[in-house]
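Take a look at the structure below.
The values are calculated or read from the model by the stated rules, or taken from the named source; none is laboratory data. Model, not experiment: these values are computed from the prediction. All Cβ positions, glycine included, derive from the backbone under ideal geometry; neighbour counts span all protein chains shown. Note: areas computed on protein heavy atoms with side chains; ligands, DNA, RNA excluded. Shrake-Rupley method; radii C 1.70, N 1.55, O 1.52, S 1.80 Å.
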Amino acid sequence: MATETVTDVICPLCGSLCDDIEVIVEAGRITNVKKACPLGKSKIMGHGRIRAPMVREGGELREVSYDVAIERSAEILSDAKRPLLYGWSSLICEAQRKGVELAEEIGALIDNTASVCHGPTVIGVQGKGSPGCTLGEVKNRADLVVFWGCNPAEAHPRHRARYSHAAKGFFRPGGKKDRKVYVVDVRETKTAKVADEFIRVEPGYDYMVFSALRTILAGHEDVVPDTVGGVEKSKLIEMVDAMKSCEFGIIFGGMGLTHSRGRYKNLENVISLVDELNAHTKFTLMPMRGHYNVTGSGHTFAWLTGYPFAVDFSRGYAWYNPGETAANDVLLRGEVDAMMAIAADPGAHFPGESLRHMAKIPLIQIDPYPNPTTELADVVIPSAISGVEVAGTAYRMDGVPIRTRKIVDTDYLSDEEILERILTRVRELRR
Amino acid sequence: MRKVILITGRTIDQGKNLENKMSDEYLDAVARCEMNESLLSEIGATEGDTVRVKTEFGDVVVRAAKDDGLPDGLVFIPMGPWANAVVDTDTGGVGTPGFKGVEATVERTDAPVLPLKELIASYKEA
Ligand code: SF4
């Protein structure tokens, strides 16, 4: 039987978008994956898929044809007064574009997983500006790397080896030896265990620690108390010295900042710190984005609507006000009367109270795999896996667009085709 | 019953089962509450015992696990349906629920961990 090794495959799991994966294909089936981390390997190898489209009747999901499931979805969406289209992060930009078109057509609220992840980072950037660089620059130049409230050893397992820690770069030929790595976190994570310095902050005190660092940087260490957020002043002074004297520094920010007290304020403060550090040296910041193309959904939404997430078309034009228009805002207020979950799993990742409302309203799921959202869905439409069975564009966490590859054929429809067919039927029904 | 601060987040085993959530592996990976040795013994639990984690927003039963990287008073539940039964529903003016830094209590219990399907079904109205 023909065995083929497909090289330079892009891993469609996390925002690191590793582009050196090797996939072994035997008789049209993937039999092994090399170079990927356990997360990427598990996704590319695949698990039990949703077999066929399904519609819930009398409480049970029953298999139907694509036509029937698409028709039912179109009816739900065209009947809805306040529909929510949520997800858009584990698929390619081409499908995201179709989603925005659908949202505009039916006056829906369209939101991506940023709203439970780095949404506060995006808001911080909108308020203060966006320091940034590519991961290539980090690899080639960075001699000081700070992982703040993120844990790449578990969430982005190859990030450190490929870009940020052990990676050997043009000006950092020694890799690890040429970089100093700090981890700032509330617990000693796996990443903290391999860092040069671990600084433990009390939960919810990141904002104050940034303020203390800025105060010391501005030359006013005399007014900083002996400990700030559980961190000794001497440690903070040391850190500022390291930051000032490095040649190229970067802070990778994680959900330790976006999910805890202060949310976007934490980001505003760290962006100010980075700004002020640039009076001394080159310093930058990058969010550790989770889903492989959540960055792309922000870009696609923004170039189509002006806004990167939580976009509400109910007024007939794009309106953006996270806190009011993000998926959990409207679900917790019990405001939406129909929902589509595509390429994300709110059933697993939204608070229980949001699920309570999702259970009450018609819910359409488009996804390759069954998951907790399936348990609540009224219509389930299986899709091809983008980046494995469909090629298309995804944005790495540093905003670099990369074309993902198609490795094997499939009988499943792509997300884009499913959305196109729903959109066509919605237009006919609304005429 | 011990007062603690709850944080949630990603782990390798949670990530490995991201597209495999209806499996036992996923339940083992995320229906757990990690705490340090001294907190475990303080609540009279050993690894694998079930514990009840309660917040203002709900309560959930998960398995106790040990992680000495956690300081006293901090517990960690991997992100997922069990953690989300107890996270803070206030979206903080930005749309993002409080997945970290939630005041909670933790205690040893004999109650079982609710399987995924039952946990999700509990959100459906009777
Ligand atoms: S680090 Fe991320 S992109 Fe790279 S192989 Fe692992 S999951 Fe895939």
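Here are the numbers for this structure:
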| item | result |
| --- | --- |
| Test: A:Val183 is away from the ligand (no atom under 16 Å from the Cβ), within 22 Å of A:Lys244 (Cα to Cα) and either free of Cβ contacts under 8 Å to residues at least 12 places away in the same chain or within 14 Å of chain B (Cβ to nearest Cβ) (or both) | yes |
| Matching entry among A:Glu389, A:Glu353, A:Glu375 (being surrounded by fewer than 22 Cβ atoms within 10 Å (Cβ to Cβ) and within 8 Å of another protein chain (Cβ to nearest Cβ)) | A:Glu353 |
| Breaking point among (1) in the same structural domain as A:Gly399 (by the TED database); (2) part of a loop (DSSP other than H, G, I, E, B); (3) open to solvent by 20 Å² or more (accessible area, probe 1.4 Å), for A:Trp303 | (2) |
| Among the residues listed as A:Val388, A:Val426, A:Val408, the single one being under 16 Å from A:Leu85 (Cβ atoms) and not in a strand (DSSP E or B) | A:Val426 |
| So A:Val426, is it more than 14 Å from chain B (Cβ to nearest Cβ) and farther than 26 Å from A:Asp8 by Cα | yes |
| Residues being hydrophobic (A, V, I, L, M, F, W, C) and farther than 16 Å from A:Ile361 by Cα - total across the stretch A:47-65 | 4 |
| Unique match (being facing chain A (nearest Cβ under 9 Å) and either more than 30 Å from A:Gln126 (Cβ to Cβ) or not aliphatic (A, V, I, L, M) (or both)) among B:Thr50, B:Thr46, B:Thr96, B:Thr55 | B:Thr96 |
| Residue within the stretch A:105-118 that is in contact with a Leu (Cβ under 9 Å, 6 or more places away or on another chain), on the phi < 0 side of the Ramachandran plot and open to solvent by 30 Å² or more (accessible area, probe 1.4 Å) present | yes |
| Neighbours by Cβ (under 6 Å, 6+ apart or cross-chain): first from the stretch B:6-20, facing another protein chain (nearest Cβ under 7 Å); second modelled with pLDDT under 90 | B:Glu19/A:His47; B:Asn20/A:His47 |
| Check on A:Cys37, of a type outside the set (Phe, Trp, Tyr), within 14 Å of the ligand (Cβ to nearest atom), at the interface with another protein chain (Cβ under 10 Å from one of its Cβ atoms) and open to solvent by less than 30 Å² (accessible area, probe 1.4 Å) | yes |
| The stretch A:275-284, subset open to solvent by 10 Å² or more (accessible area, probe 1.4 Å) and either in contact with a strand residue (DSSP E or B) (Cβ under 8 Å, 6 or more places away or on another chain) or within 23 Å of A:Arg263 (Cβ to Cβ) (or both), residue nearest to the other protein chains (Cβ to nearest Cβ) | A:Asp275 |
| Of residues in the stretch B:99-113 being more than 14 Å from chain A (Cβ to nearest Cβ) and among the β-branched types (Val, Ile, Thr), the one nearest to A:Asp206 (Cα to Cα) | B:Thr105 |
| Search result, residues across the stretch A:303-320 that are on the phi < 0 side of the Ramachandran plot and either of a type outside the set (Ser, Thr, Tyr) or in contact (Cβ under 8 Å) with a residue 40 or more places away in the chain (or both) | A:Trp303, A:Leu304, A:Thr305, A:Pro308, A:Phe309, A:Val311, A:Asp312, A:Phe313, A:Ser314, A:Arg315, A:Ala318, A:Trp319 |
| Looking only at the stretch A:9-34, and only at residues there that are more than 16 Å from the ligand (Cβ to nearest atom) and outside any loop (DSSP other than H, G, I, E, B), the one that is most open to solvent (accessible area, probe 1.4 Å) | A:Arg29 |
| Output for the stretch A:319-342, where each listed residue is open to solvent by 10 Å² or more (accessible area, probe 1.4 Å), small (Gly, Ala, Ser) and either more than 7 Å from every other protein chain (Cβ to nearest Cβ) or part of a helix (DSSP H, G or I) (or both) | A:Gly334 |
| Flag if A:Phe283 is in the same structural domain as A:Ile123 (by the TED database), aromatic (Phe, Trp, Tyr), within 16 Å of the ligand (Cβ to nearest atom) and assigned to a strand (DSSP E or B) | no |
| Filtered residues of the stretch A:40-72 (kept if of a type outside the set (Asp, Glu), assigned to a helix (DSSP H, G or I) and away from the ligand (no atom under 16 Å from the Cβ)) | A:Tyr66, A:Val68, A:Ala69, A:Ile70, A:Arg72 |
| Count of residues meeting criterion [under 24 Å from the mean Cα position of the chain (by Cα), open to solvent by less than 30 Å² (accessible area, probe 1.4 Å) and either at pLDDT below 95 or not hydrophobic (A, V, I, L, M, F, W, C) (or both)] in the stretch A:158-177 | 4 |
| Residue in the stretch A:77-93 that is within 16 Å of the ligand (Cβ to nearest atom), away from every other protein chain (no Cβ under 14 Å) and at pLDDT 95 or above present | yes |
| Number of the exception - B:Lys66 against (1) at the interface with chain A (Cβ under 9 Å from one of its Cβ atoms); (2) over 9 Å from the mean Cα position of the chain (by Cα) | (1) |
| Filter result for the condition that a residue is open to solvent by 50 Å² or more (accessible area, probe 1.4 Å) and not β-branched (Val, Ile, Thr), over A:Arg425, A:Arg396 | A:Arg425 |
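Yes or no, residue by residue, for (1) modelled with pLDDT under 95; (2) over 19 Å from A:Ser260 (Cα atoms):
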{"site": "B:Leu18", "(1), (2)": "yes, yes"}
{"site": "B:Ser23", "(1), (2)": "yes, yes"}
{"site": "B:Asn36", "(1), (2)": "no, yes"}
{"site": "B:Leu40", "(1), (2)": "no, yes"}
{"site": "B:Ile43", "(1), (2)": "no, yes"}
{"site": "B:Arg52", "(1), (2)": "no, yes"}
{"site": "B:Gly58", "(1), (2)": "no, no"}
{"site": "B:Leu70", "(1), (2)": "no, no"}
{"site": "B:Ala85", "(1), (2)": "no, no"}
